[in-house]
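A quick write-up on the structure given underneath.
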Amino acid sequence: MSAAEQLFPSFPQPADEVHRVAALQRFEALDEAVGEDFDFLAQMAARLCGTPYAFMTLVDSERTWFNASSGLELGSQPRAQSYCSLAVLGDDATEIADLANDARTMNMPLTLQEPQMRMYSSIPLRTSAGYAIGTLCVMDTRPGGLNEEQRGFLRGLARQAMSLIEARANQKALRLSMRELELLATTDELSGMHNRRSLQHRLKFEVARARRFRTPLTALMIDLDHFKQVNDEHGHLVGDKVLAEVCRLVRENVRVIDIAGRYGGEELCVLLPNTPLEGAHKLAENLRAKIAAQVHYDGARRITMTASIGIGVHNDMDVSDAETLLRAADAALYRAKAKGRDCVES
């Protein structure tokens with residue numbers, strides 16, 4: 001056995017170690033369980049237990065992390081060198097009256113080095129499933145222990161700390177769920193673009209902003225030429241793949257402020273805030289050329305597409321609301337198709 005192993009023997013592990021660490025990771029507590037609220041609980045633990053030092057620790061597979069503290073700032077320790085490695089083994093409380101006279105702790109850094117801790121008392125932070133992911137602990141440089149009232153205070157504060165960790169994890173999960181629901185409600189699954197409902201909502205907002213600030217607003221209506229032939233000759237799965245690839249091309253070639261959506265079927269719409277007709281025409285020609293140059297495959301068979309694009313322009317006279325703007329873009333699209341397709345009209 002090496003000298004290091006004699007000084008710091010491998011730390012014992014609870015029987016449920018894998019599930020315990022998984023619970024810690026599931027709560028994302030190492031990142032989330034920080035801040036004034038947890039520091040306050042550590043400060044209250046020190047005051048109510050009459051000790052100079054208190055810590056809220058989290059114990060992962062290799063290290064003990066001091067996420068909150070009172071009296072002494074600590075970052076982390078190797079788990080084998082931490083008193084808290086003993087406190088997550090399953091007991092409801094862990095108290096060592098004299099760290100210097102206990103074989104498990106006498107050679108640990110906090111015992112040997114300043115401030116030379118002598119007393120340690122802790123309550124594990126247990127999840128609702130019973131896994132101890134860390135501790136709320138108090139320490140002193142004098143040997144001794146807590147009385148029953150102080151242990152009761154420490155136990156209550158540990159419950160508060162665990163409740164706060166769980167509450168933050170639940171809030172984060174709720175926020176993520178809300179974002180996912182919002183994404184499902186506003187995004188077309190095939191294209192990754194705004195769906196029609198979301199597009200119309202954004203259009204009303206952009207029209208109102210254009211009217212208020214008197215800024216230009218244009219809309220592109222894009223329709224893939226002869227798209228039905230792709231479905232008829234290659235099947236709907238290939239048709240969906242082609243449409244998805246065209247949509248990705250459009251998304252990658254518009255600005256961050258532009259709003260691209262699937263208006264219906266193979267018809268796409270792009271709203272261009274703060275963009276006059278000249279800029280919209282330039283973008284439309286760029287999209288038309290790139291769509292025509294894009295090559296799709298059904299196995300070894302090559303498929304190419306073209307697109308007809310109509311441009312609608314918002315103004316205070318003829319095109320003053322959302323519906324009229326879309327009708328203007330749609331009318332321009334039909335003119336492009338009547339002209340022979342694969343072109344841009346406004």
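The values are calculated or read from the model by the stated rules, or taken from the named source; none is laboratory data. Model, not experiment: these values are computed from the prediction. Don't worry about glycine lacking a Cβ; one is built from the backbone with ideal geometry, like all the others, and counts go over all protein chains shown. Note: areas computed on protein heavy atoms with side chains; ligands, DNA, RNA excluded. Shrake-Rupley method; radii C 1.70, N 1.55, O 1.52, S 1.80 Å.
The single condition among (1) open to solvent by 10 Å² or more (accessible area, probe 1.4 Å); (2) of a type in the set (A, V, I, L, M); (3) not in a loop (DSSP other than H, G, I, E, B) that Ala129 does not satisfy is (3). Consider the stretch 5-41 and keep the residues that are over 21 Å from Arg104 (Cα atoms), touching a Leu at 6+ places or on another chain (Cβ under 7 Å) and open to solvent by 40 Å² or more (accessible area, probe 1.4 Å). The one that is modelled with the highest pLDDT is Asp37. Please specify each residue of the stretch 185-228 satisfying the condition of being among the acidic types (Asp, Glu) and either within 14 Å of Gly265 (Cβ to Cβ) or not in a loop (DSSP other than H, G, I, E, B) (or both). Passing the criteria: Asp188, Glu206, Asp223, Asp225. For the stretch 31-65, the set of residues classified as more than 17 Å from Gln160 (Cα to Cα) and of a type outside the set (Asp, Glu) consists of Gly50, Thr51, Pro52, Tyr53, Val59, Ser61, Arg63, Thr64, Trp65, listed by residue number.
Within the stretch 287-326, the set of residues being surrounded by 15 or more Cβ atoms within 10 Å (Cβ to Cβ) and basic (Lys, Arg) comprises Arg288, Lys290. Within the stretch 101-122, the residues that satisfy the criterion of being surrounded by 15 or more Cβ atoms within 10 Å (Cβ to Cβ) and among the hydrophobic types (A, V, I, L, M, F, W, C) are Met108, Leu110, Met117, Met119. Given the structure, is Leu243 within 33 Å of the chain's Cα centre (by Cα), free of Cβ contacts under 8 Å to residues at least 40 places away in the same chain and farther than 19 Å from Arg327 by Cα? Spelling it out, it is not the case that Leu243 is within 33 Å of the chain's Cα centre (by Cα), free of Cβ contacts under 8 Å to residues at least 40 places away in the same chain and farther than 19 Å from Arg327 by Cα. Residues that are within 23 Å of Thr187 (Cβ to Cβ) and either open to solvent by 10 Å² or more (accessible area, probe 1.4 Å) or part of a loop (DSSP other than H, G, I, E, B) (or both) do not occur anywhere in the stretch 336-345.
If we scan the stretch 135-147, do we find a residue that is of a type in the set (Gly, Ala, Ser) and assigned to a helix (DSSP H, G or I)? Looking through the stretch 135-147, none of the residues is of a type in the set (Gly, Ala, Ser) and assigned to a helix (DSSP H, G or I).
The residue that is most open to solvent (accessible area, probe 1.4 Å), among those in the stretch 215-242 that are out of contact with any strand residue (DSSP E or B) (no Cβ under 7 Å at 6 or more places or on another chain) and of a type in the set (A, V, I, L, M, F, W, C), is Leu237.
Rundown of residues vs (1) farther than 17 Å from Cys84 by Cα; (2) at pLDDT 95 or above, yes/no style:
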site: Ala129; (1), (2): yes, no
site: Leu136; (1), (2): no, yes
site: Met139; (1), (2): no, yes
site: Asn147; (1), (2): yes, yes
site: Arg155; (1), (2): no, yes
site: Ala167; (1), (2): yes, no
site: Asn170; (1), (2): yes, no
site: Leu176; (1), (2): yes, no
site: Glu182; (1), (2): yes, no
